[in-house]
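Trainee: Submitted below is the structure of interest, expressed as structure tokens.
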Amino acid sequence: GTSGQYLQTDGSGALSWQTVTDTNTQINESAVSATTSGTEVIIDSIPSDAKRIMVTWQGLSCTSSDDHVIRIGDSGGIESTGYIDRVRTGSSTASYTDGWHIGTYGNSTVFRYGHAFLTTTGSNLWICTGISGLEYSAGVNVADWGGHKTLSGTLDRVSISLLSGTFDAGSFRVSWET
């Protein structure tokens with residue numbers, strides 16, 4: 001054998017030299033992206049072999065009372081249709097098909113803190129679950145959600161976007177496991 005190899009048996013007495021392969025899970029993360037202007041921030045550096053993705057945000061706020069939405073995409077861009085999303089905020093629930101909504105209660109003074117986990121089950125199908133704390137002048141609330149989306153190609157990007165208004169505070173980061 002050579003350096004880095006090991007001797008393997010087939011259980012019947014035959015031996016062969018094999019090369020050690022690295023099967024360790026790698027976790028990578030994007031830089032922190034500011035959400036202080038514009039209507040969407042896209043992280044488009046996710047490798048094709050990503051198995052699990054975590055999106056984390058802190059202090060997200062915008063100039064309107066509309067929802068903040070997580071969307072995913074492939075080389076064709078971010079997709080804004082075909083999502084299955086069920087959101088519970090406090091005692092109310094809502095369903096959406098335009099992305100995963102990270103809190104359905106809000107006004108321009110709400111700040112969102114939370115994370116979402118996306119896991120692939122193969123065939124470009126992604127499952128998303130998440131939780132978001134909502135802080136505002138009258139108190140706090142919590143939103144949780146779950147759903148799925150099948151992309152037309154291999155996921156390589158994730159975004160946080162607004163349905164209206166512009167971002168005015170906060171940041172988010174995307175981490176992925178390969």
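Trainee: Consider only pairs whose beta carbons are under 7 Å apart and that are at least six residues apart or on different chains; among these, list those whose first residue lies in region 75-93 and is on the phi < 0 side of the Ramachandran plot and whose second residue is hydrophobic (A, V, I, L, M, F, W, C) and in a loop (DSSP other than H, G, I, E, B).
Mentor: Pairs found: Glu79/Leu151.
Trainee: Moving on. Can you tell me which of (1) farther than 18 Å from Thr36 by Cβ; (2) in contact with a Cys (Cβ under 8 Å, 6 or more places away or on another chain) is the one Glu79 doesn't meet?
Mentor: It is condition (2) that Glu79 fails.
Trainee: Inside region 93-178, counting only strands (runs of 3 or more DSSP E) that do not spill past its ends, which hold 1 or more residues that are crowded, with 22+ Cβ neighbours inside 10 Å and more than 14 Å from the chain's Cα centre (by Cα)?
Mentor: Correct list: 111-122, 125-136, 139-150, 167-177.
Trainee: I'd like to check something: does region 61-74 contain any residue that is more than 26 Å from Val140 (Cβ to Cβ) and without any contact (Cβ under 8 Å) to a residue 24 or more places away in the chain?
Mentor: No: zero hits.
Trainee: Related question: Within region 49-77, how many residues are open to solvent by 10 Å² or more (accessible area, probe 1.4 Å), in contact with a Gly (Cβ under 7 Å, 6 or more places away or on another chain) and among the β-branched types (Val, Ile, Thr)?
Mentor: Selection size over region 49-77: 1.
Trainee: Which residues, counting only those in region 19-48, are exposed (fewer than 11 other Cβ atoms within 10 Å of the Cβ) and hydroxyl-bearing (Ser, Thr, Tyr)?
Mentor: Result: Thr19, Thr21, Thr23, Thr25, Ser37.
The values are calculated or read from the model by the stated rules, or taken from the named source; none is laboratory data. What you see is a predicted model, and the numbers here were worked out from it, not measured in a lab. Cβ atoms come from the backbone with ideal geometry, glycine included; neighbour counts cover every protein chain shown. For accessibility, only protein heavy atoms count, side chains too; no ligands or nucleic acids. Shrake-Rupley method; radii C 1.70, N 1.55, O 1.52, S 1.80 Å.
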